[in-house]
Amino acid sequence: MRTAVIRRTLAATGVLALVGGCTAQAVGPGGSGTHSSPPVAPSAPSASGPATAPGDAKPSGPARPSAPSGPSGASGPSRAPAAPAPRTLFTPGDEGKQVRELQARLRQVAWLFDGPTGTYGASTTDAVRGFQGKRGLPRTGTTDTVTWQRLLNMTHEPTRDELYASGGQPAAKPDPRCLTGRVLCISKTSRTVSWMVDGKRLMTTDVRFGSQYTPTREGVFHVYWKSRHHVSTIYHTPMPYAMFFSGGQAVHYSSDFAARGYSGASHGCVNVRDEGKIASLFAQVRDGDKVVIYW
């Protein structure tokens, strides 16, 4: 009986060992024992490649930017796009308002003394060539985008008087008093005289007026005397093709106007510098025809 008690005691002790021991082994199938910790599963391979072996790991750092690729895909330094080649704007023989502006700007920087005429002639070509050479540009004599931009930077927007310093303005809108009958329609704004018959403009030419001290009168007048070879009795100067309209004031040819342009002035008369046109006017205008002078 004592032996039975001892056996029961040992059996109880074994059971207690299995329940509370920290190194206890679990009984597996077939009575064989395995470690109580679950086996560690192998880690999954990295998406970027096989796992790095211990000791092969390299210190991490910022990623190096990839070199830019060239046109063919090869890597190399990037290049800025090339500047566009200068484009030609004006060439000798061109005409128009833009050529007149070019000439006015060249006059502002003292490279052109004639005109403006609105025609790209020899003097304009020489002026452009000189302007280009002074600034290290190719001396082509033609105006390209580089030459034009350099000139714009050095000048201001030309005024109307600068654009037409030598005349050539389009005739101003006729005064309503010019629209009936036979009229010498004279605008101080455009500095022109137009020969008009019943509202139709037949001829236009440049004119020059008196100075502030000897102003040309304004208003409506009539031709009262024509004198083909007239000489001023006050100033003793020739006044060919004179058509008098108010006191001693007349429309007539002026060689001084033809030579000096608007740098001079008359003593109150209306000067014409185109001798061919004033001769034609003199032949057509009659005594009694109307003269209208207005701004």
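For ARG160, state whether it is at pLDDT below 95 and of a type in the set (D, E, K, R). Here the answer is yes, as ARG160 does meet what is asked. Quick one: in region 129-157, which of the residues that are in a loop (DSSP other than H, G, I, E, B) and among the charged types (D, E, K, R) is surrounded by the fewest Cβ atoms within 10 Å (Cβ to Cβ)? So the residue we want is GLU157.
Please enumerate the residues belonging to region 175-227 that are of a type in the set (Asp, Glu), within 23 Å of TYR164 (Cβ to Cβ) and surrounded by fewer than 21 Cβ atoms within 10 Å (Cβ to Cβ). Within region 175-227, ASP175, GLU218 meet the criteria. Among residues that are touching a residue at least 12 places away in the same chain (Cβ under 8 Å), among the small types (Gly, Ala, Ser) and touching a helix residue (DSSP H, G or I) at 6+ places or on another chain (Cβ under 8 Å), GLY219 is not included. Counting residues in region 107-121 that are at pLDDT 95 or above, within 21 Å of the chain's Cα centre (by Cα), part of a helix (DSSP H, G or I) and not acidic (Asp, Glu) gives one or more. Does ASP94 fit the bill of being buried (at least 17 other Cβ atoms within 10 Å of the Cβ), farther than 25 Å from GLY167 by Cα, acidic (Asp, Glu) and under 20 Å from the mean Cα position of the chain (by Cα)? Judged against the criteria, ASP94 is not a match. Output the residues belonging to region 137-185 that are acidic (Asp, Glu) and under 30 Å from TYR294 (Cβ atoms). Those that are acidic (Asp, Glu) and under 30 Å from TYR294 (Cβ atoms): GLU157, ASP161, GLU162, ASP175. Only residues that are in a strand (DSSP E or B), farther than 18 Å from GLN249 by Cβ and more than 38 Å from the chain's Cα centre (by Cα) were counted across region 174-194, and they come to 1.
The values are calculated or read from the model by the stated rules, or taken from the named source; none is laboratory data. Predicted model only: the values in this text are computed from it and were never measured. Don't worry about glycine lacking a Cβ; one is built from the backbone with ideal geometry, like all the others, and counts go over all protein chains shown.
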